[in-house]
Structure formats: C-alpha cells, structure tokens
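Remarks on the structure that follows.
The values are calculated or read from the model by the stated rules, or taken from the named source; none is laboratory data. Not measured: the values here are computed from a predicted model. As a convention, Cβ positions derive from the backbone with ideal geometry for all residues, glycine included, and neighbour counts pool all protein chains shown.
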Amino acid sequence: MALHCPGWILCIFCANAARESLFYSAPLNVIIKKYTDEIAVHYNEISAEFLQQCSEKILGSLVEVEAGESAEEVIRGYLYQKVKFKDDGSIRKLVGLFSSEFKGERSQSGTEKYIVTNFRAFLFSLRSGKKVACPPGWQVDQVPDLKWVQEVMMKKVSVFDV
C-alpha cells in the first residue's frame, strides 16, 4: 500500500515553488513538475494542478498583504518554520531512532485548505510580531538530514525542462 506525502513536505514544496517562480524565468508549471515527479518516487502520486493551485494561492496571499520585495524573505521564514518546527510548535526531529518525519501517511493530511491556511497563519503571525522570519543567511541547503527533499528543492529548472 502506497502512502501519502506528509503535509509538511507539501507545504514546503508549494512555498518553495512560489519562491522559485519569483526568481526564475521558468513558468510555475515547469517548477511544479520537479516536485510532482519526486513525490511520485516516494509516495502516492499527486497532481501538478493541486500543487500549482496551492502555490498560486500562496503568491496571492503575498500580494494581498503587499509583501513586495520582502516576499522572498517571508517565504524563507515559512520554510524555516516548517522544516524546524511541527504545527504544535515542537521541534521537528527529521531523523529519529524509531521514526522519521519522511514516513508516508495513511491518509492525506496535506489538503489545499491545510497548505494555504498554514501559510496564511504564518504570514499573519509574522506581521503581528508573534513569529520571527528566519536567522539571517539561513538557506534550506544548510539543513542536515533533509535528504531527498533538500535535493529536489535545490534543483534548478529551466524552460527546457518542459
């Protein structure tokens, strides 16, 4: 029985796809493809349309609050929070002796509502001063034990990847 991708991974993939769309000349659907291809290797396949809708809604949230030039910093802060902490605020242990945060889930927790609401909650917590972004200079490539998730996030795409 194949398992579903954990919700926190879907959150960081959608947010990072939104971030990449701000900086690369590749269209969002090309960026999304690298994530759907990799998810299909490890978990149940997920549709590109689903990830694209979530990424577009994340971008829409940034436009709504007029994030402007700080949009990339907001997304990096969100990525930091999702990688380092669980939804309940406890520290995420990526690799444990008897468990792994990469273990697939029996039911899909990463719904569109979960992903978008989770980002918007972070965004408004950040704006109200309850959350801080991320340490200066923090990048996802500095996180040990992030395994294949880190590799796919660091992979560059171009229009030739269509």
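For segment 4-56, the set of residues classified as aliphatic (A, V, I, L, M), more than 16 Å from Thr111 (Cβ to Cβ) and not in a helix (DSSP H, G or I) consists of Ala26 only.
Taking the condition acidic (Asp, Glu), at pLDDT below 95 and either surrounded by fewer than 13 Cβ atoms within 10 Å (Cβ to Cβ) or part of a helix (DSSP H, G or I) (or both), does Glu69 pass?
Yes: the conditions hold for Glu69.
Within segment 134-157, residues that are free of Cβ contacts under 8 Å to residues at least 24 places away in the same chain reach partners that are of a type in the set (D, E, K, R) with beta carbons closer than 6 Å, at six or more positions or on different chains, in the pairs Met154/Asp141. Condition check for Val132 on (1) in contact with a Lys or Arg (Cβ under 8 Å, 6 or more places away or on another chain); (2) within 24 Å of Cys54 (Cα to Cα): one failure, at (1). Does Phe98 satisfy being among the aromatic types (Phe, Trp, Tyr) and at pLDDT below 90? Here the answer is yes, as Phe98 does meet what is asked. Filtering segment 88-111 to residues that are surrounded by 14 or more Cβ atoms within 10 Å (Cβ to Cβ) and farther than 18 Å from Val143 by Cβ leaves Gly104, Glu105, Gln108, Ser109, Gly110.
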